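All remarks here apply to the structure that follows.
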């Protein structure tokens with residue numbers, strides 16, 4: 001088999017620069033691995049929210065980590081909401097994922113001071129600060145699953161790792177990265193490797209050594225041209241790695257005029273009548289994608305009529 005075919009998961013896009021998620025198993029099924037490229041996702045978030053460099057790095061890592069966690073979503077209506085509430089300049093971030101690997105997000109303060117912990121290394125923890133990471137999964141059951149942990153570093157990869165260990169009792173390695181250039185986001189991505197119950201000690205030891213032994217930053221590997229498949233192969237070190245599949249990921253909002261109308265209806269007739277007195281009408285902006293929806297006086301009055309009837 002040609003090398004180019006070996007390093008290609010079923011369903012992977014032909015565009016070498018496309019965003020996608022790869023799944024794999026290794027060591028006779030004892031290890032599960034995910035690797036994702038999110039350069040386009042983070043670029044779109046940057047364009048929508050106008051984030052400063054530190055906020056872009058933090059928000060990009062947060063979106064990438066949320067997509068990795070959302071790989072457990074399988075059914076059409078499943079969704080996952082990831083929240084960080086923190087005392088750092090960013091204040092907090094929210095991301096919503098669905099089972100089709102769409103993600104949308106918002107952050108409290110998109111413009112924050114950018115500081116560096118080393119030359120060229122943005123201090124993400126300074127922007128995020130201390131706080132709480134919460135994951136809410138709605139799987140169509142009677143109650144959603146909710147898990148929360150304190151942020152252990154604010155660098156986010158360690159925080160997602162800690163969440164998986166504490167809330168889901170799954171030993172994991174999480175790597176997240178965003179590389180910025182003069183013209184915006186150059187690379188973004190991450191990987192998640194989990195040791196499953198019954199894994200032999202030598203496998204656990206090998207992965208621990210790789211995780212703590214100076215494995216290169218994922219954005220460095222992407223800058224060198226490595227695909228998600230090759231990065232997983234390089235980290236896992238198992239010649240018998242099996243690629244299970246790949247799926248595209250994208251930044252996509254599900255807002256619509258109809259949803260905005262339903263939101264306005266909750267204000268009730270009286271408040272809608274007051275809003276209709278504004279000569280130029282009103283404009284509502286979606287927090288996730290910044291799309292603006294304008295409602296003129298007549299449209300607001302029609303909504304007020306509907307509110308009276310209901």
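Just a yes or no: is a residue in the range 261-273 in a helix (DSSP H, G or I) and assigned by TED's automatic domain parsing to the domain that holds residue 33?
No: zero hits.
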State whether the residues of the range 65-84 include one that is touching a helix residue (DSSP H, G or I) at 6+ places or on another chain (Cβ under 6 Å) and more than 25 Å from residue 253 (Cβ to Cβ).
no
Among the numbered conditions (1) in a helix (DSSP H, G or I); (2) outside the structural domain of residue 64 (by TED's automatic domain parsing), tell me where residue 287 comes up short.
(1)
Check residue 147 against each of (1) touching a helix residue (DSSP H, G or I) at 6+ places or on another chain (Cβ under 9 Å); (2) crowded, with 16+ Cβ neighbours inside 10 Å and name the one condition it does not meet.
(2)
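Listed residues 140, 154; which is over 13 Å from residue 69 (Cβ atoms), loosely packed, with under 14 Cβ neighbours inside 10 Å and in contact (Cβ under 8 Å) with a residue 24 or more places away in the chain?
Working: 154 fails: loosely packed, with under 14 Cβ neighbours inside 10 Å.
On inspection, the qualifying residue turns out to be 140.
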Checking the structure you have, find out if any residue of the range 211-231 is more than 22 Å from the chain's Cα centre (by Cα), touching a residue at least 12 places away in the same chain (Cβ under 8 Å) and either surrounded by 18 or more Cβ atoms within 10 Å (Cβ to Cβ) or part of a strand (DSSP E or B) (or both).
no
Could you tell me whether the range 238-257 includes any residue that is loosely packed, with under 12 Cβ neighbours inside 10 Å, in the same structural domain as residue 94 (by TED's automatic domain parsing) and assigned to a loop (DSSP other than H, G, I, E, B)?
yes
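Quick check, is residue 310 surrounded by fewer than 18 Cβ atoms within 10 Å (Cβ to Cβ), touching a helix residue (DSSP H, G or I) at 6+ places or on another chain (Cβ under 8 Å) and either at pLDDT below 95 or under 30 Å from residue 81 (Cα atoms) (or both)? Break it down into steps so the answer makes sense when it comes.
Working: surrounded by fewer than 18 Cβ atoms within 10 Å (Cβ to Cβ): yes; touching a helix residue (DSSP H, G or I) at 6+ places or on another chain (Cβ under 8 Å): yes; either at pLDDT below 95 or under 30 Å from residue 81 (Cα atoms) (or both): yes.
Answer is yes for this residue.
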Residue 200: passes all of (1) under 19 Å from the mean Cα position of the chain (by Cα); (2) on the phi < 0 side of the Ramachandran plot but (1)
Applying the selection to the range 150-185, what residues are over 21 Å from residue 215 (Cα atoms), in contact with a helix residue (DSSP H, G or I) (Cβ under 7 Å, 6 or more places away or on another chain) and not in a loop (DSSP other than H, G, I, E, B)?
184, 185
Filter the range 47-78 for residues that are surrounded by fewer than 24 Cβ atoms within 10 Å (Cβ to Cβ) and either more than 18 Å from residue 167 (Cα to Cα) or outside the structural domain of residue 144 (by TED's automatic domain parsing) (or both) and give the result.
47, 48, 49, 50, 51, 52, 53, 74, 75, 76, 77, 78
As an exercise: evaluate residue 235 against (1) surrounded by 18 or more Cβ atoms within 10 Å (Cβ to Cβ); (2) closer than 24 Å to residue 49 by Cβ and give the number of the one condition it does not meet.
(2)
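For residues that are in contact with a strand residue (DSSP E or B) (Cβ under 9 Å, 6 or more places away or on another chain) and either farther than 13 Å from residue 236 by Cα or not assigned by TED's automatic domain parsing to the domain that holds residue 27 (or both), tally how many sit in the range 182-213. Show your work before the answer.
Taking the range 182-213 first, the residues in contact with a strand residue (DSSP E or B) (Cβ under 9 Å, 6 or more places away or on another chain) are 185-196, 199, 203-204, 207-208, 210-211.
If we keep only those that are either farther than 13 Å from residue 236 by Cα or not assigned by TED's automatic domain parsing to the domain that holds residue 27 (or both) too, we end up with 185-190, 196, 199.
Of the residues in that region, 8 qualify.
The values are calculated or read from the model by the stated rules, or taken from the named source; none is laboratory data. All values derive from a computational prediction rather than experimental measurement. Because the Cβ atoms are built from the backbone with ideal geometry, glycine has one as well, and the counts that use them run over all protein chains shown.
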